[in-house]
Amino acid sequence: MEPFIKQKQPGATRSHWPNKMSGRLIISPYNIGLEVGQPVELMSEITTGFNLAPCTQLAILRQQTSKLTLDKAFWSFTPSWMKQLDQAPYIIRNENLASSPMFKESWQKRRCLLPVTGYYIWVQMTRRKQAFAVRREHNRPFFLAGIWTRYPVTATRYYDTFGLISIPADPWLGKLTPRVPVTIKQTDINTWLQPSTPEKQLEQLLLPDTVTLECYPVSDLVNDPQNQTSQVASPIAERRRPG
């Protein structure tokens, strides 16, 4: 595992990531069966943290034959042919899913969900960028849409990797950031994960859903991914809600 991680490890100084709106995640402990509303086979432990960066190995939800599973994959979409692993995208624009050969097959057959309890966006102020945490009320878990693929290391060893999907933000969050990750409602989990779902039906799920989301500013501790304490995700001002 080590060679793969070392080549893809971004480090704390990598400041040129595009689409910083979800370049960091919050994942607190959760009961996946309760959140999904159906049985889930746990293939690995949940990775938790208050400032999780790309290239981290996280627990994703997938449809495997006739059951839902939660197992690990690296957050950076890495096709088998990719040589420059540090160029693997961790955010994928929805406009490229069906048109790009890099994403098309996974979009059609290998969709996944990442259970999170929040993500961060960076907003350009007059003289600096301010980070905001985007979360559900009471910091409840929700699901971010993604696609996954498999990266072979040898003839018998491989790593699963995934990227999150972004869409244009709705008018509320659009005041802060141009794009946001796709959130999938609990009632749409099976539709999203089922490989046989028609593409037109999937496209209907790629719409902003901020009814249950709120945001608040956080301290500059978030700028260093080595900071993983709960203080990183603590609000420094009041929460903002739609409406």
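Every number here is computed from the coordinates shown, using simple stated rules; none is lab data. What you see is a predicted model, and the numbers here were worked out from it, not measured in a lab. Positions of Cβ are generated from backbone atoms using ideal geometry, with glycine treated the same way; all protein chains shown enter the neighbour counts.
Overview of values
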| quantity | calculated |
| --- | --- |
| Distance from segment 89-132 to segment 166-233 (C-alpha centre basis), Å | 8 |
| Only Lys, Arg (+1) and Asp, Glu (-1) charged, at Cβ; segment 2-233 dipole about Cα centre in debye | 480 |
| In order through segment 54-70: 3J(HN,Hα) via Karplus (6.51 cos²θ - 1.76 cosθ + 1.60), integer Hz, x for Gly, Pro | x, 6, 7, 7, 10, 9, 10, 9, 9, 9, 10, 6, 9, 9, 8, 10, 10 |
| Cα-based shape type of segment 2-233, given that a ≥ b ≥ c are square roots of the gyration tensor eigenvalues and the cut on a/c is 1.5 | rounded |
| Which listed pairs, of Lys83/Lys175; Lys72/Lys185; Lys67/Lys175, have C-alpha distances above 31 Å, in listed order | Lys83/Lys175; Lys67/Lys175 |
| The chain: calculated mean residue ellipticity at 222 nm from DSSP helix runs of at least 4, using -39500 (n - 2.57) | -2500 deg cm²/dmol |
| The chain: most fluctuating residue of Thr229, Thr65, Thr197 per GNM, C-alpha cutoff 10 Å | Thr65 |
